[in-house]
Amino acid sequence: MTGYDVLAGVYEWLISDAKLPPAEFAASFDDVLDLLPSNAHVLDCSCGTGQLAVGLAGRGMQVVATDASEAMVRRTAELSEEFGASVRAVRASWEELPDHFQDNTFDMVFCVGNSLHHAAGATGRGAALESMSRLLRPGGRLVLTSRTWELVRARGSRLEISDRLVRRNGRDAVVVYRWEIAPHWEEEHHIEIAIAQVDATGLVLVRSELLSCWPYRYEELEVELHRVGLQTELSTFDLEAENYMVVASKV
Ligand SMILES: C[S@@+](CC[C@H](N)C(=O)[O-])C[C@H]1O[C@@H](n2cnc3c(N)ncnc32)[C@H](O)[C@@H]1O
């Protein structure tokens, strides 16, 4: 059971209002999706609860959604059913992807929403990126979004508490992030996420999980992408912005 199996049941409280509807989540990638034919083969390899995968299927794409967490994959399958979308949902960690899919299969692979930092250090990240690259057809693209870890580390260990109640499924919750920043970049860091919901009777129910992560500098990521045969085509990296997107194509 991964940390995300615990969070899967309350994951919607962690998704922004703007990205909750599948079509909206997919629309946030309009610029890169415009590069694809409408029936393209795409993989979301850290699909979470499936909003992006279902949004892509809604555009007519042939979508596979994978995740290391069984509970996340189950939620993706449920969301697909709810939207009448055709998404193949498979439990597979990044390292296991080549056991499930042939090389050169996909036109685009998505690894979005702050997922890659869960790969264990430079070695784990390299193995994950290698798998993603293998599955892309030549000329295919990896679309990766990331926190700007340079900013996160500069702020140090801290507690972040949502400044408003987040309402999902008729229930309000406070979301708390506890950041445990290790002294050195290459060490294991932790993010503890707690979702405190107030139920109909006024009781507070807390679901929380301590997640491991290994941050990386943007420069390192660029080198690692290059090492697995991916060339950066577009990058929104900005040291002052919270998040960035990299699009890298398979040479
Ligand atoms: C922060 S969530 C992002 C989910 C989704 N992409 C989104 O934007 O809402 C990170 C996801 O990465 C998955 N994950 C963590 N480690 C993984 C691994 N080694 N292989 C595949 N998925 C992994 C988790 O299970 C979780 O669903």
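The values are calculated or read from the model by the stated rules, or taken from the named source; none is laboratory data. Computed from a predicted model, the values in this text were never measured in an experiment. With ideal geometry, Cβ positions are generated from the backbone for all residues, glycine too; neighbour counts draw on all protein chains shown. Calculation scope for accessible area: heavy atoms of the full protein, side chains included, ligands and nucleic acids excluded. Shrake-Rupley method; radii C 1.70, N 1.55, O 1.52, S 1.80 Å.
Scanning segment 1-25 for residues that are assigned to a helix (DSSP H, G or I), within 10 Å of the ligand (Cβ to nearest atom) and out of contact with any helix residue (DSSP H, G or I) (no Cβ under 6 Å at 6 or more places or on another chain) yields G3, L7, Y11, E12, L14.
Taking every residue in segment 80-106 that is free of Cβ contacts under 8 Å to residues at least 12 places away in the same chain and pairing it with any residue that is near the ligand (Cβ under 9 Å from one of its atoms) and assigned to a loop (DSSP other than H, G, I, E, B), at least 6 positions away or on another chain, the pairs with Cβ-Cβ distances below 8 Å are D99/A92. Taken over segment 70-106, the residue count meeting the criterion of being open to solvent by 60 Å² or more (accessible area, probe 1.4 Å) and more than 14 Å from the ligand (Cβ to nearest atom) is 10. Return yes when V64 is more than 9 Å from the ligand (Cβ to nearest atom), open to solvent by 10 Å² or more (accessible area, probe 1.4 Å) and either within 27 Å of R137 (Cβ to Cβ) or not in a helix (DSSP H, G or I) (or both) and no when it is not. Judged against the criteria, V64 is a match.
Of all residues in segment 128-152, exactly one satisfies the criterion of being of a type outside the set (S, T, Y) and near the ligand (Cβ under 9 Å from one of its atoms), namely A128. Among the residues making up segment 71-87, those that are of a type outside the set (A, V, I, L, M) and over 11 Å from C47 (Cα atoms) are E78, S80, E81, E82, F83, G84, S86.
The residue that is most open to solvent (accessible area, probe 1.4 Å), among those in segment 107-123 that are within 23 Å of L35 (Cα to Cα) and more than 8 Å from the ligand (Cβ to nearest atom), is D107. N39 passes every criterion in (1) assigned to a loop (DSSP other than H, G, I, E, B); (2) within 7 Å of the ligand (Cβ to nearest atom) apart from (2).
The conditions of being open to solvent by 40 Å² or more (accessible area, probe 1.4 Å), under 14 Å from the mean Cα position of the chain (by Cα) and either over 14 Å from D107 (Cα atoms) or of a type outside the set (D, E) (or both) are met by S28.
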